[in-house]
Amino acid sequence: MKNSGSFIDLRLNRRDAQGNESFWPTFTDVMTVIMMIFLISMVVVLLRNMELVKEIRATVEAERQAMELARSTGEEKESLATQLNTALEQLDAADRRISELQLQVMRLQEQNSVRAQAIADRDTRLKNLLEERNQLAQQAAQLKQDKQSAEKTATEARKQETLSRRELADLQLQYANLKEQLDRQNLQIAMLKARLESQDQELARSREQRQTVEEKYLVLADEYDNLKVRYDKLVRPARTAKGRHLVEVRYFKKNGKRHIEWRDAGKGEFKAISRNKLDQALARLKAEQPDGLYIKVILPKNNGLSYSEAWKFTNYLHKNYDYYFQESPAVPQNPASKPSE
């Protein structure tokens, strides 16, 4: 055998093989190329399978997220339905409350009218009693004068006793009658004074009751206005300045005095204005602007106003000039609720 490099050549007919050496390298190269193509194809297929696995996993994750989103959407839908039912129940309760408050206001108005009439009747009776008391006082003064005259007459009668006993007896009888009448008049005056004091006390109680009723009426009226605003907010779209003519009003108190400043259409600087001129300007703008006014009330920090003053001013401007409150049914404006300048 012949060594070929480091390996022993075990092939038969090596002479023929030596004659065909040019064929086998070419076949080996072809097989090598085929093997490389096969390996590359396997690598491409593996990479494609890995991408497909990733896409499948992404699809499964997307389906899981979609199911989670559907579940959360269903829960949110149920929550919104629950909130809608709650809002409807609150709306029904507000309607019932408004009806009850209207009935209470009507009853209080009727009671106020009855009590006002009773107070007027008592004032008339008191006036009559005062006139009667004055008349009785005049009669008492007259009786006192008569008494003094009778006493003078009795004195003269005593002096003339020796002249006319019958006249003296008549004068004494007249004196006794006058004294008895005077006692009766004094008793009547005392009774009238007692009745007058009782009437004064009753009149004071009636006035206190009327004041209490008026205060309750104002409280119920404010509560009715608040419920009406809340009801309107539930059934109407939100208030917005879009498409409206903007008017900004700044309200504050400085050194104990109220100040009002305003700016039209958000242009320029705020200018001081009086209460009457502000009403005139807003009324003019309200007539000129067909789309209505959007009244923006600004209460600066540390404005010095109480909650009641700020609320009354804002409520007055909104109810009289703001488009949002003009479209709703008008609520009777209490003249006393207009804030003073």
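May I ask you to evaluate 6.51 cos²θ - 1.76 cosθ + 1.60, the Karplus curve with θ = phi - 60°, for each residue of the stretch 98-103 and list the ³J(HN,Hα) values in order in whole Hz, giving x for glycine and proline?
5, 4, 4, 5, 4, 4
How large, in percent, is the carbon and sulfur part of the accessible surface of the stretch 254-326 at a probe radius of 1.4 Å?
The C+S portion of the solvent-accessible surface of the stretch 254-326 is 47 percent.
Taking only protein heavy atoms and a 1.4 Å probe, what accessible area per residue, in Å², does the stretch 65-179 have with all protein chains in place?
Per residue, the stretch 65-179 has 78 Å² of solvent-accessible surface.
State the extension gain, in nm to one decimal, for the chain segment bounded by residue 67 and residue 209, taking 0.36 nm per residue of separation less the distance between their alpha-carbons.
Between residue 67 and residue 209, full extension yields 44.3 nm more.
Between their Cα atoms, which of 193/216; 159/193; 267/301 are more than 30 Å away from each other?
From 193/216; 159/193; 267/301, over 30 Å: 193/216; 159/193.
At R0 = 45 Å, how high is the FRET efficiency between residue 128 and residue 275 if r is their beta carbon distance? Nearest 0.05 is fine.
0.50
How long is the gain from residue 299 to residue 49 if the chain were fully straight, where each residue apart is worth 0.36 nm and the alpha carbon distance is subtracted?
83.1 nm
Given a Förster distance of 25 angstrom, what is the FRET efficiency for residue 187 paired with residue 166, based on the Cβ-Cβ distance and rounded to 0.05?
0.20
Give the distance, in whole Å, between the Cα centre of the stretch 148-215 and the Cα centre of the stretch 54-97.
Answer, in whole Å: 91.
Provide the per-residue ³J(HN,Hα) series for the stretch 286-296, in order, calculated from phi with Karplus coefficients 6.51, -1.76, 1.60 and θ = phi - 60°, each as a whole number of Hz, with x at glycine and proline positions.
For the stretch 286-296, the Karplus curve yields 4, 6, 7, 9, x, 7, x, 9, 10, 8, 9 Hz.
Using R₀ = 25 Å, calculate the FRET efficiency as 1/(1 + (r/R₀)^6) where r is the Cβ-Cβ separation of residue 121 and residue 98; round to 0.05.
For R0 = 25 Å, the calculated efficiency reads 0.10.
The values are calculated or read from the model by the stated rules, or taken from the named source; none is laboratory data. Here the structure is a predicted model, which means the values were calculated and not measured. Neighbour counts are summed over all protein chains in view; Cβ atoms, including those assigned to glycine, are modelled from backbone coordinates with ideal geometry. Surface accessibility is based on the protein's heavy atoms, side chains included, excluding ligands, DNA and RNA. Shrake-Rupley method; radii C 1.70, N 1.55, O 1.52, S 1.80 Å.
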